[in-house]
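Read the structure below first, then the notes.
The values are calculated or read from the model by the stated rules, or taken from the named source; none is laboratory data. If you're wondering where the values come from, they're calculated on a predicted model, not measured in any experiment. As a convention, Cβ positions derive from the backbone with ideal geometry for all residues, glycine included, and neighbour counts pool all protein chains shown. These area figures cover heavy atoms from the full protein model, side chains too; ligands, DNA and RNA do not enter into them. Shrake-Rupley method; radii C 1.70, N 1.55, O 1.52, S 1.80 Å.
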Amino acid sequence: MARKNQKAPWEPEEEIIWVSKTEMKTDMEALQKLGEELVTLKPSVLEKFPLSEDLALAIQDAQRFKNEAKRRQLQYIGKLMRNIDPEPIQAALDKVRNKHSQATAELHKLEQLRDRIVEEGDAAISEVMDMYPEADRQRLRQLARQANKEKKANKPAKAFREIFQILKELKQED
């Protein structure tokens, strides 16, 4: 009589991957954290994410809730996320974060350019004119002189801020 539990030697053995309970909990917590980040986003940004209808509704509800109800809703979002592939959502979230950091980097570049205009004067203004031909050279010169005067007199930096606003507007038009 043959044993029923034995496999034929020519059949490949199935590889069983054991996952510990701790690893499963860590994965669930990571999904819940991803859900928490989604809840902090504005609805206009969330529309661009590849979310299922149930998950989108759960996120909208969590944005309305407070305290204990919000905590339970976040757990529910984590549970919903176990049944979907989180990679596209994570990729979209990374893209949103990157846009924010890119915008911050652009503002830092404009601040550095403004500082150079105030410190160097005409040399930096010529560089701005090369980058943005529609800029008003005379206005930039006036503001640079005014910013230097304000700096020496320890007055509020009104012209300094105005130069930054002009550069920001030029960048947006570009």
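Computed quantities for the displayed model
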item	result
Residue within the stretch 65-77 that is in contact with an Asp or Glu (Cβ under 7 Å, 6 or more places away or on another chain) and free of Cβ contacts under 8 Å to residues at least 40 places away in the same chain present	yes
First in the stretch 145-171 and on the phi > 0 side of the Ramachandran plot and assigned by the TED database to the domain that holds residue 128, second anywhere and aliphatic (A, V, I, L, M) and surrounded by 15 or more Cβ atoms within 10 Å (Cβ to Cβ), Cβ under 6 Å, 6 or more apart	none
Residue among 112, 60 that is in the same structural domain as residue 169 (by the TED database) and open to solvent by 90 Å² or more (accessible area, probe 1.4 Å)	112
Hits in the stretch 71-93 - residues which are surrounded by fewer than 16 Cβ atoms within 10 Å (Cβ to Cβ), assigned to a helix (DSSP H, G or I) and over 22 Å from the mean Cα position of the chain (by Cα)	71, 72, 75, 79
Residues of the stretch 94-106 satisfying the condition of being in contact (Cβ under 8 Å) with a residue 12 or more places away in the chain and either closer than 27 Å to residue 158 by Cα or open to solvent by 70 Å² or more (accessible area, probe 1.4 Å) (or both)	106
Filter result (under 18 Å from the mean Cα position of the chain (by Cα) and either exposed (fewer than 11 other Cβ atoms within 10 Å of the Cβ) or of a type in the set (Lys, Arg) (or both)) within the stretch 24-39	33
